[in-house]
Amino acid sequence: MAWVKFLRKPGGSLGRAYQPGSTLSLAPTKGLLNEPGQNSCFLNSAVQVLWQLDIFRRSLRVLTGHVCQGEACIFCALKTMFAQFQHSREKALPSDNVRHALAESFRDAQRFQLGLMDDAAECFENILERIHFHLVPSRDADMCTSRSCIAHQKFAMTLYEQCVCRSCGASSDPLPFTEFVRYISTTALCNEVERMLERHERFRPEMFAELLQAANTAGDYRKCPSNCGQKLKIRRVLMNCPEIVTIGLVWDSEHSDLTEDVVRNLATHLYLPGVVYLCSFFSLLFL
């Protein structure tokens, strides 16, 4: 699930508010083929997400210089796929080029191999990591700040996590990390909704971000750094301003019965400071 920032003029309509280069996608939509035995649904969903993000699609289109890996070059395969999306008259297209490049890239790890099912979210993240490698192979992927790396410039959230004790004032050393996707358990999310209803609170769309944060930190308590006896929740603090924030909903089983509950509680906008601490860069994200 991709949450993207969209700047809407007050009182403006969609047509008047959209500007080229915004993160809102007005791209023509085509399907991707998944023939019997291909098992490419996980890849197709990841490619469709990337295509529908206008700010990523436009940035990829203008890039040419990269470290090409031949048959294993996901950068080339994705650019070819996007060109077909834009110019082909077919309603459904094969994703074979990207599938072969992905399989070749991860042949040694035996991931994303031809004909085998795999995880869509992991596929999405690995495509972004490979794009980073093709553009800035000399940079550490964990803390990349290169302006030419569209994977990190568009998607990466640079955070640190820390425990702060309000009782004694002690704090742990900040632990920095980078993530492309913030994962939330659907079970934990639905449990937080139930707790909210038990408090007789009425669900409002602006509360969705708080529910996500509560679900993300549910049961995640740490000892006070000074061992004063307090149990502390971890704080995750955003340090940059990502142009695209991706929330991944994790199903705890293959046959979950929570689908309707999750869909019913989704909101179409996200107040980012409700999800992470101390985010003062921007406030509202639209689905």
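The values are calculated or read from the model by the stated rules, or taken from the named source; none is laboratory data. Keep in mind the model is a prediction, meaning the values are calculated, not measured. Here Cβ is always computed from backbone atoms with ideal geometry, including for glycine, and neighbour counts include all displayed protein chains. Protein only, heavy atoms only, side chains kept; ligands, DNA and RNA dropped before computing areas. Shrake-Rupley method; radii C 1.70, N 1.55, O 1.52, S 1.80 Å.
Going by Cα centres, region 148-178 and region 214-260 are how many Å apart?
13
Would you mind getting the Kirkwood hydrodynamic radius of region 100-233 from its Cα pairs, rounded to one decimal in Å?
Over region 100-233, the inverse of the mean reciprocal pair distance is 18.4 Å.
Percent of alpha carbon pairs in region 178-287 separated by more than 19 Å?
Considering region 178-287, 50 percent of its Cα-Cα pairs are separated by more than 19 Å.
If you plug each phi of region 129-145 into the Karplus form 6.51 cos²θ - 1.76 cosθ + 1.60 with θ = phi - 60°, what whole-Hz ³J(HN,Hα) values come out, in order, with x for Gly and Pro?
5, 5, 4, 4, 4, 5, 8, 9, x, 7, 8, 5, 5, 5, 10, 6, 10
Anyone know which of 273, 242, 137 comes out most mobile in the 10 Å Cα GNM of the chain?
Residue with maximal mean-square fluctuation among 273, 242, 137: 137.
Could you tell me what percent of the accessible area of region 158-287 is made up of carbon and sulfur, with a 1.4 Å probe and every protein chain present?
Result for region 158-287: 50 percent of the exposed heavy-atom area is carbon or sulfur.
Restricting things to Cα coordinates, could you compute the convex hull volume per residue of region 71-133 in Å³?
So the per-residue hull volume is 92 Å³.
Limiting things to C-alpha atoms, what are the Rg and the maximum Cα-Cα separation (Dmax) for the chain, in angstroms?
20.6, 67
Toward the positive end of the charge dipole of the chain, about the Cα centre and with charges on Cβ (Lys, Arg +1; Asp, Glu -1), which of 42, 94, 274 goes farthest?
274
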